[in-house]
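The values are calculated or read from the model by the stated rules, or taken from the named source; none is laboratory data. Predicted model, so just to flag it, every value in this text is computed and none were measured. No Cβ is skipped: glycine too gets one built from the backbone with ideal geometry, and neighbour counts run over all protein chains shown. Ligands, DNA and RNA are stripped out before the accessible areas are found, and what is left, the full protein with its side chains, is counted by its heavy atoms. Shrake-Rupley method; radii C 1.70, N 1.55, O 1.52, S 1.80 Å.
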Amino acid sequence: MPWGQVHFRSLEAPAHLPVLLLLHQSPLSSETYERVLPHLASWCRPFALDTPGYGGSSPAPQDWEVADYAAAVWACADALGAQKAMLLGRATGSVFALEAALARPERARGLMLYGYPAYTAEERAQRLAHHAPPNPPKDDGSHLPVIWNRIKGEYPWMDPRLTMLCIRGYLAAGEDFASSYRAIWRHDAAVARKLPVPTLLLGGTKDRLYFMFERAQKIFPDAEARVLEGASDFVMVQEPERFARVLADFAKRIPV
């Protein structure tokens, strides 16, 4: 792509099926969707993209804003030969998916937003000032426990295998893993916007962002809202079949 390489994960599916682009949460990668891909390929052509700067994708320019990440979604769709696509986003990825649909509604067939981060102005300012400082490598390796402790501090219940998935994401993102975070904190995601396409708003009761689910419902009153009881940030890893069924139920009701 013009800014560098974009890595993605996919699974072969019949060419006549609609395309689904999956956008992950930061600072992780499309690896979070790997287990759900086999459960999607029966009804869509899934492409899980690594956000520029994350996973196997080249870094984005430092001044990228949400609109740039959103435009990159359609640039990737062009490269994949997809004129239209459904968009699924998780956390930061849900902001990019929404803005992509708003920018090019004629190309978006539908939206699925899991854990939409509807921060208040005060929350965004606090995070810009204090959250997720760079973690440069050190000769004694002391930067590595910082990553482990950060992940376990946010997810004390997490087992070692899932923790390692997260660590791979942090390491791939490099010392400044919060570039896309800063983009969404500079962007007011809590402003009501008219949804241009059918939209599914998902909230997991064990998701760290679930406290914002009611905010998101108020922002998007026209969206179909669904609560996933017991689902965490990583439902697509922990319960891929369940997650895929929810997506399929919605996607199959989108008018062609």
Hey, can you grab everything whose amide H is under 5 Å from the amide H of Leu228? Only 5+ residues off in sequence or another chain; H modelled, so Pro and N-termini drop out. Gly203, Gly204, Thr205
At a 1.4 Å probe radius, which order do Glu154, Glu65 fall into by accessible area, largest first? Glu65, Glu154
Taking +1 at the Cβ of each Lys and Arg and -1 at the Cβ of each Asp and Glu, which of Ala75, Pro105, Phe234 sits farthest along the dipole of the chain towards its positive end, judged by Cα position relative to the Cα centre? Pro105
Nearest 20 debye, what's the magnitude of the dipole of the range 109-148 about its Cα centre given +1 on Lys and Arg Cβ and -1 on Asp and Glu Cβ? 260
Tally up the carbon and sulfur contribution to the accessible surface of the chain as a whole percent, 1.4 Å probe, everything protein left in place. 53
R0 = 30 Å: FRET efficiency of Lys194 with Gln83, Cβ-based, nearest 0.05? 0.85
Mean separation of Cα contacts under 8 Å (at least 6 apart) over the residue count of the range 176-256, i.e. the relative contact order in percent, is 29
Run lengths n ≥ 4 of DSSP H only: what is the helix-derived mean residue ellipticity at 222 nm for the chain, with -39500 (n - 2.57) per run over all residues, to the nearest 500? -11000 deg cm²/dmol
Taking R0 as 25 Å, what FRET efficiency do you get between Ser42 and Arg226 from their Cβ-Cβ distance, rounded to the nearest 0.05? 0.75
Quote the FRET efficiency, to the nearest 0.05, computed for Ser142 versus Trp3 with a Förster distance R0 of 41 Å and r equal to the Cβ-Cβ distance. 0.80
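Suppose all protein chains stay in the model; what accessible area per residue would a 1.4 Å probe give for the chain, in Å²?
For the chain, the solvent-accessible area averages 45 Å² per residue.
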With every protein chain present, what accessible area does Phe177 have (1.4 Å probe, heavy atoms only), rounded to the nearest 10 Å²? 20
Would you work out the charge dipole size for the chain about its Cα centre, treating the Cβ of every Lys and Arg as +1 and the Cβ of every Asp and Glu as -1, and quote it to the nearest 20 debye? 580
DSSP bridge pairs, the chain: antiparallel proportion in percent, nearest 5: 10
Reduced to Cα centres, the span from the range 1-50 to the range 118-163 in Å works out to 26
